[in-house]
Structures are given as structure tokens and as C-alpha cells.
1. Based on the alpha-carbon gyration tensor of the chain, what equivalent-ellipsoid semi-axes (square roots of 5 times the eigenvalues) come out, in whole Å, largest first?
2. With a probe of 1.4 Å, find how much accessible area the chain has per residue, and write the answer as a whole number in Å².
3. What is the distance in Å between the Cα centres of the stretch 105-158 and the stretch 160-202?
4. What's the carbon and sulfur percent of the chain's accessible surface, probe 1.4 angstrom, rounded to a whole number?
5. If we sort 141-151, 215-225 on the protection proxy, mean other Cβ atoms within 10 Å, highest first, what's the order?
6. Mind giving me the FRET efficiency for Ala52 and Trp178? R0 is 22 Å, r the Cβ-Cβ distance, nearest 0.05 is fine.
7. So if each residue of separation counts as 0.36 nm, and I subtract the Cα-Cα distance between Val165 and Ser5, what length gain in nm does that give?
8. Subtract the Cα-Cα distance of Glu32 and Arg222 from 0.36 nm times their separation in residues, and report this length gain in nm to one decimal.
Amino acid sequence: MVKPSVLVFDVNETLVDIDSLAPLFADRFGDERVLREWFAQLVMYSMTVTLAGNYVTFPALGRGVLRMLGAVYHVDVTDDDLDRLTTGLLTMPAHPDAAEGLAALRDNGFRLVTLTNSPPNPNGPTALQNSGLAGFFEHQLSVDARRAFKPAPTVYRYVCETLGVAPAECMMVAAHVWDTLGAQHVGFSSALITRPGNPPLPVDGLAQPTLVASDLRELAERLTAGRPRMDN
């Protein structure tokens, strides 16, 4: 494998832990597993609005999906619940392995950037900043700049345009196969981080991730093997 020079990280679930939102779903629906249903629907409808040529922000869509699930389960979703979701999305903690893995990758000379479905926060810190991970990245990029959600090709090309690099220099690092597939379609390599519930998709005819790792520590070990360490 030709090792990339730029690592492009997804944020939600890859770097920060969406399971921190589980208490909201346990309180409102009586079952924290509804969190995963909500997130799956949120991703599905983000792709849907892009395919339909429309755009709303990820948090706005997330609030709408929460109300929709309320209607499905005959649960009254209040404005307080929506505010709690909005706050929760901005305050998800980093995964325990994230800082160590990112530090190792940075110190070994990789350029680190993020590409997230979440928009910039005009009223304060982003989820990445609140997690304590923002300082590892030279750019925090959002699909909001292209008004299309991943895995639309335009958002991965936006990364290349912003950094002035070719797709072949980039590796997408994500916990979701739909993200790695989108990036590989435009010429990125990819690393799938197998967070719980996110294994590879073994389908003939679909591109498989270049690397599969259980967490960012393992990713760093595999990408830095034999690579000279950069002096700080």
C-alpha cells in the first residue's frame, strides 16, 4: 500500500462517541437503543435530501428525525428534548483512543483534517472543539460548504481543492462504510474504524476499505510502521 500524506477524518462516531446521547433516548422512549435507529434514519435522510437536490443542516435534520420517531412511537417530543439533542450533539466526548492515535499520526508527519456532516457552529465551539481534539487538525472542513452530505463526490473533492492535493494523496478515516465508499469513488484510499456496530460490508463488486482497524491507536501503529518520526 502506498501510504497517504493526508488523513481525512470523519467526526461523528469516528472521533466522538454518539453513545453519550443514549440517556436522552432512554428517558424519552424508554429504550436507549432508539438512539441507533435515530442515527440510521438521520444518515438515510441526509443522503436522501442530497439525492433530491435539497439541503438542510445536519442538526436541523436530526431534530426533525427525532420528532418523526416520536410520531412513530407515540411519544411527545418537546422543545426541551430538541434543545437537549442540540446540546448533546455539540458536547459528545472523544473516544478514549482518539487523542493518543491522533498524536502518533501527527508526530509521524501526516497532515490531519476533518470532514464532517455537521455544520460550523455560529454560536460557539463545535463538537470537535468541545471534545478537546480540534488542536490535532490543520483544517476542520464541513459538507456545509458544498451543501451536500457525504458520500456525495463533491464533498471529498472539496477537501482536495482546499488542501491543494490530489485524491490519491488522501485517506478517508471513518467508522462508516458509506463514507469510505464515497471517498474511494473519487480516488481516496480509506481506513474503516470498526466502532461497535460498524463492521466492513462484504459485498462483491463494492470497494473494500484499504485498511480495517479497531481504533485509532491500531490505525496509527499500522500507518507509522517503518515511517521516520518527525521532530517537534
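1. Working: eigenvalues 179, 71, 58 Å².
After scaling each eigenvalue by five and taking roots: 30, 19, 17 Å.
2. On the way: 10630 Å² over 232 residues.
Result: 46 Å² per residue.
3. Between the Cα centre of the stretch 105-158 and that of the stretch 160-202, the gap is 14 Å.
4. On the way: 5700 of 10630 Å².
Reported share for carbon and sulfur atoms: 54 percent.
5. 141-151, 215-225
6. On the way: r = 17 Å, r/R0 = 0.77.
Computed FRET efficiency for Ala52 and Trp178 comes out at 0.80.
7. Full extension of this stretch gives 56.7 nm more.
8. Values: separation 190, 0.36 × 190 = 68.40 nm, distance 3.44 nm.
Gain in length upon complete extension: 65.0 nm.
The values are calculated or read from the model by the stated rules, or taken from the named source; none is laboratory data. This one's a predicted model, so the numbers in the text were calculated from it and none came from an experiment. Cβ atoms come from the backbone with ideal geometry, glycine included; neighbour counts cover every protein chain shown. Surface accessibility is based on the protein's heavy atoms, side chains included, excluding ligands, DNA and RNA. Shrake-Rupley method; radii C 1.70, N 1.55, O 1.52, S 1.80 Å.
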